[in-house]
Amino acid sequence: MTQQHPFAAWLADEVSRRGYNLNRHGEQSRFARDAGLNESSVSRLLRGTTAPDIRSCLPIAKALGCKTTHVLAAAGLIPANEIDGVAPSRPLSQREHLVGLVGNDTAAQDAVIVLLRALGKWAP
């Protein structure tokens, strides 16, 4: 008996979370169309009889609305620790979070700080 590829469970969960009801007729075909993949390929992926290749990961990611690295990691094509690059070695400061939110515009940063202080969410 062949073992089911673990990607199948991940893909079925992600497809369902995106609103495709795989128990309903035509939903698997709809996902295949949205991903631009052959229906039989998607069927084999969901049954776990085949593993995705690197070329199918990009269209799957686009159809799911997620990063290609997430699909590549779920498929076992890259290590999971490479999904979002190297994690920061220390927690980000409040100011670094602001830069990530609004960029280097100090006026925009100050406006966000005023708003957060009014909401009681900013500690100096």
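The fraction of accessible area contributed by carbon and sulfur in the chain is 55 percent, rounded to a whole number (1.4 Å probe; ligands and nucleic acids excluded). P(r) for the stretch 16-62, from all Cα pairs and a bin width of 5 Å, is 5, 22, 33, 29, 10, 1 %, short bins first. Starting from the stretch 9-73, pick out the trypsin sites (Lys or Arg not before Pro) whose DSSP state is loop and whose Cβ has at most 16 other Cβ atoms within 10 Å. For trypsin sites (Lys or Arg not before Pro) across the stretch 9-73 that sit outside H, G, I, E and B with at most 16 neighbouring Cβ atoms in 10 Å, the list reads ARG18, ARG24, LYS67. Across every direction, the projection of the convex hull enclosing the Cα atoms of the chain has a mean area of 11.5 nm². Solvent-accessible surface of the stretch 12-79, averaged per residue with a 1.4 angstrom probe and all protein chains in place: 56 square angstrom.
The values are calculated or read from the model by the stated rules, or taken from the named source; none is laboratory data. The structure displayed is predicted, hence computed values, not measured ones. Don't worry about glycine lacking a Cβ; one is built from the backbone with ideal geometry, like all the others, and counts go over all protein chains shown. With ligands, DNA and RNA removed, areas are computed over all heavy atoms of the protein, side chains included. Shrake-Rupley method; radii C 1.70, N 1.55, O 1.52, S 1.80 Å.
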